[in-house]
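Below: one structure, written as structure tokens.
The values are calculated or read from the model by the stated rules, or taken from the named source; none is laboratory data. All of these numbers come straight from a predicted model, not from anything done at the bench. Cβ atoms come from the backbone with ideal geometry, glycine included; neighbour counts cover every protein chain shown. When the accessible area is computed, the model is the full protein with side chains, heavy atoms only, and any ligands, DNA or RNA have been set aside. Shrake-Rupley method; radii C 1.70, N 1.55, O 1.52, S 1.80 Å.
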Amino acid sequence: MKKGKGAAKAIEILEALGRIHGARDMVPVGSVQVSGVSYNNIGEHGLAFLEEWAAMGSKAVVPAAMNPGGSDRRIWKSLGFTAAFVRKQERVIKALEALGIRPSLTCTPYHVGVTPKLGEHVAWAESSAVCFANSVLGARTNREGGPSAIAAALTGVTPRHGLHTDEGRRPTRVVEVKCPVPAAADAGALGYLVGRLLASDKGGGIPYLTGVVPPPGSERLTWLKALGAGMAASGSVGLYHLACVTPEAAAQGSKLAKAAGQKSVIRSLDEGRAALNRGSGRLDLVAVGCPHASPEDLTRILRLLNWKKAKVPFWIFTAEEVRRHAEQTGVAASLGRCGATLVADTCMVVAPLKELGIHTLATDSAKAAFYLPSHHGAGVYFGSLEQNVAAALRGEWSAR
Ligand code: F3S
């Protein structure tokens, strides 16, 4: 372990957490993802805390990256962010960089080259990234808080408990899905319903889903990340098993399902869609890319726009590395000609929406639709990616 005052503080935090959770020991981690990066969320106290830690001089000893912050670092002015907010946001990023944490500013590290292997222990913090890493990649991480993720970065270890252990990864409930779940927004609505069901399961719920499979091809990963993001939002679910699909379910089959003590059936997504779709009145923005969009997602959106021009601002949130790639391939320019803007380093949930004059949004993300009303008092229309593109082109939301 690296020495220094910052690392000593990190060890204190990790040992305290280990005691609270009854951890056996510490486990080495291959990568860290740090949340609590948006100045809009952490405010002055959070900034002061990070700057104080950064001044202690310790650095990350394993690859560590940042979750989205509160503003786009490159095109903030044209999007309407104030210089005062951006200055504060840059101080947060600078403090984290001083701790050796890379400013990737994305919740999809797996789209920018950080893809933990099956069984690898990591310490990630953002809820959808945690759910994706555990479920789809078969890596092992608890949902870290901002300080505990930084502590893991500075020491290279995290307490071994919960989702780091075999026992902690057993399903608590079989959820039989008896309705079609064709697109990513549907997977988000399913995730939302599953999360609600599991929110009351003792010790945090882990579903074993049957009766549903993701679509083939490039939409597969988008569907899987939407499913996890939805249940992480409504039920703090950090891991799901999907029969025959996710690695642990595919390897262990029905043996794994037998560990679950409870069973539920979902026959329709209507209740989930209705709970998430609560917008009314004028549409200020269409916002997709929650979790951050992949290069394949951008191509799909471009195809749906079909060279027509959006009548309301249409923002697609993604990682800066994905945006740069889209600029090199011409996808960003083509999206721009259709009135769509690639926004990086931030997202609709952690940006200061009110300051930007945004009150009503449309989105295809169940996670965003879940948080936007409570975090920003925003009205939200929720529907498929096709509905969102159609709303951007029409300038208003339509239920069909
Ligand atoms: Fe990512 Fe922001 Fe959604 S951090 S998962 S785009 S709420």
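Here are a few things to note about the model shown:
A quick yes/no check of all residues on (1) closer than 18 Å to ALA183 by Cβ; (2) part of a strand (DSSP E or B):
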position: LEU227; (1), (2): yes, no
position: GLY238; (1), (2): no, no
position: GLU271; (1), (2): yes, no
position: SER280; (1), (2): no, no
position: CYS290; (1), (2): yes, yes
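- Identity of the residue in the stretch 127-141, small (Gly, Ala, Ser) and in a helix (DSSP H, G or I), that ends up farthest from the ligand (Cβ to nearest atom): SER135
- Members of the stretch 142-163 found to be closer than 23 Å to LEU221 by Cα and not in a loop (DSSP other than H, G, I, E, B), listed by number: LEU163
- Scanning the stretch 215-225 for residues that are assigned to a helix (DSSP H, G or I), open to solvent by 40 Å² or more (accessible area, probe 1.4 Å) and in contact (Cβ under 8 Å) with a residue 12 or more places away in the chain returns GLU219, LEU221.
- Failed criterion for PHE382 (all others in (1) within 25 Å of GLY235 (Cβ to Cβ); (2) open to solvent by 20 Å² or more (accessible area, probe 1.4 Å) hold): (2)
- Any chance GLY4 is within 16 Å of the ligand (Cβ to nearest atom) and at positive phi: no
- Flag for ARG196 being under 17 Å from ASP270 (Cα atoms), in a helix (DSSP H, G or I) and basic (Lys, Arg): yes
- The numbered conditions (1) in contact (Cβ under 8 Å) with a residue 60 or more places away in the chain; (2) open to solvent by 30 Å² or more (accessible area, probe 1.4 Å) are all true for ALA399 except (1).
So that you can scan it fast, the table gives a plain yes or no per residue for (1) modelled with pLDDT of 95 or more; (2) under 30 Å from ALA251 (Cβ atoms); (3) of a type in the set (S, T, N, Q); (4) not assigned by TED's automatic domain parsing to the domain that holds PRO214:
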| site | (1), (2), (3), (4) |
| --- | --- |
| SER78 | yes, no, yes, yes |
| VAL86 | yes, no, no, yes |
| ILE101 | yes, no, no, yes |
| CYS107 | yes, yes, no, yes |
| GLU126 | yes, yes, no, yes |
| VAL136 | yes, yes, no, yes |
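- Test: residue in the stretch 36-51 that is closer than 29 Å to GLU167 by Cα, acidic (Asp, Glu) and in the same structural domain as PRO109 (by TED's automatic domain parsing): no
- Members of the stretch 144-158 found to be surrounded by 24 or more Cβ atoms within 10 Å (Cβ to Cβ) and not β-branched (Val, Ile, Thr), listed by number: GLU144, ALA149, ALA151, ALA152, ALA153, LEU154
- Just one of the listed residues (ARG282, ARG273) is more than 16 Å from the ligand (Cβ to nearest atom) and buried (at least 19 other Cβ atoms within 10 Å of the Cβ), namely ARG273.
- Filter pass, ARG303 being closer than 25 Å to VAL350 by Cα, surrounded by fewer than 19 Cβ atoms within 10 Å (Cβ to Cβ) and away from the ligand (no atom under 16 Å from the Cβ): no
- Under the condition of being in contact with a Leu (Cβ under 7 Å, 6 or more places away or on another chain) and open to solvent by 10 Å² or more (accessible area, probe 1.4 Å), the residues counted in the stretch 236-247 number 3.
- Counting only helices (runs of 4 or more DSSP H) wholly contained in the stretch 1-100, the ones carrying 1 or more residues that are polar (S, T, N, Q) and crowded, with 16+ Cβ neighbours inside 10 Å occupy 39-54, 83-98.
- Single residue of the stretch 102-125 satisfying the filter (open to solvent by less than 20 Å² (accessible area, probe 1.4 Å), in a loop (DSSP other than H, G, I, E, B) and away from the ligand (no atom under 16 Å from the Cβ)) that is farthest from GLY69 (Cα to Cα): PRO116
- Hey, LEU283 aliphatic (A, V, I, L, M) and within 28 Å of VAL194 (Cα to Cα) or not: no
- Among the conditions (1) farther than 25 Å from TRP223 by Cα; (2) open to solvent by 20 Å² or more (accessible area, probe 1.4 Å); (3) touching a residue at least 40 places away in the same chain (Cβ under 8 Å), the only one that CYS290 does not satisfy is (1).
- Scan of the stretch 248-269 for residues that are open to solvent by 60 Å² or more (accessible area, probe 1.4 Å), part of a loop (DSSP other than H, G, I, E, B), over 27 Å from GLU144 (Cα atoms) and touching a residue at least 24 places away in the same chain (Cβ under 8 Å), ordered by number: ARG267
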